[in-house]
């Protein structure tokens with residue numbers, strides 16, 4: 001089975017970010033994808049599973065819609081993984097942009113030094129950049145906190 005790609009409606013933006021943290025191609029609805037019909041067409045066209053909490057979402061041929069019941073994002077994450085029988089691979093954690101889900105590319109420290117906050121310049125860590133939106137990433141305390149939460153959820 002091919003790994004699913006996700007499109008989360010705007011109510012589930014945090015869930016999309018966490019699916020991307022796990023290494024899944026998961027993006028949240030863009031500003032112009034608020035209307036259900038537009039959202040469903042984008043998901044169908046891109047071959048994505050549509051994630052929503054909207055119970056009024058009509059069925060569409062050729063589109064998988066996962067209507068989530070849970071309110072807390074941790075429970076939503078577990079719900080998605082269980083529904084699609086997904087087993088996250090820790091080797092893939094933090095390999096995608098949390099904004100647009102593009103695969104991150106490693107960059108040399110010296111090439112990004114001028115873009116880093118002062119305290120980050122002292123970190124001995126690897127740096128990655130999103131080739132699509134150009135966001136820069138590094139491993140800091142935010143990654144440690146995320147990994148701790150993933151471990152608590154039994155995913156790390």
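The values are calculated or read from the model by the stated rules, or taken from the named source; none is laboratory data. None of the values given here were measured: they were computed from a predicted structure. Because the Cβ atoms are built from the backbone with ideal geometry, glycine has one as well, and the counts that use them run over all protein chains shown.
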Select from the range 88-98 the residues that are touching a helix residue (DSSP H, G or I) at 6+ places or on another chain (Cβ under 8 Å) and assigned to a loop (DSSP other than H, G, I, E, B) and write down the one among them that is nearest to residue 4 (Cα to Cα). 88
If you scan the range 144-156, which residues turn out to be outside any helix (DSSP H, G or I), more than 16 Å from residue 91 (Cβ to Cβ) and touching a residue at least 12 places away in the same chain (Cβ under 8 Å)? 153
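Scanning the range 125-143 for residues that are assigned to a helix (DSSP H, G or I) and under 18 Å from residue 23 (Cβ atoms), which turns out modelled with the lowest pLDDT?
Start the filter on the range 125-143 by keeping residues that are assigned to a helix (DSSP H, G or I), which leaves 141-143.
With the extra rule that they be under 18 Å from residue 23 (Cβ atoms), the set shrinks to 142-143.
On the way: 142: 84, 143: 87.
So, considering only residues that are assigned to a helix (DSSP H, G or I) and under 18 Å from residue 23 (Cβ atoms), the one modelled with the lowest pLDDT is 142.
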Output the residues belonging to the range 57-69 that are part of a loop (DSSP other than H, G, I, E, B) and either at pLDDT below 95 or more than 18 Å from residue 24 (Cβ to Cβ) (or both). 57, 58, 59, 60, 61, 62, 63, 64, 69
Filter result for the condition that a residue is part of a helix (DSSP H, G or I), within 24 Å of residue 135 (Cβ to Cβ) and modelled with pLDDT of 95 or more, over 19, 51: 19
Within the range 36-48, identify whether any single residue is touching a helix residue (DSSP H, G or I) at 6+ places or on another chain (Cβ under 9 Å), within 30 Å of residue 152 (Cα to Cα) and not in a loop (DSSP other than H, G, I, E, B), and answer yes or no. no
The range 101-124, subset part of a loop (DSSP other than H, G, I, E, B) and in contact with a strand residue (DSSP E or B) (Cβ under 6 Å, 6 or more places away or on another chain), residue surrounded by the most Cβ atoms within 10 Å (Cβ to Cβ): 101
Selection from the range 55-70 of residues exposed (fewer than 14 other Cβ atoms within 10 Å of the Cβ) and more than 16 Å from residue 14 (Cα to Cα) yields 55, 56, 58, 59, 61, 62
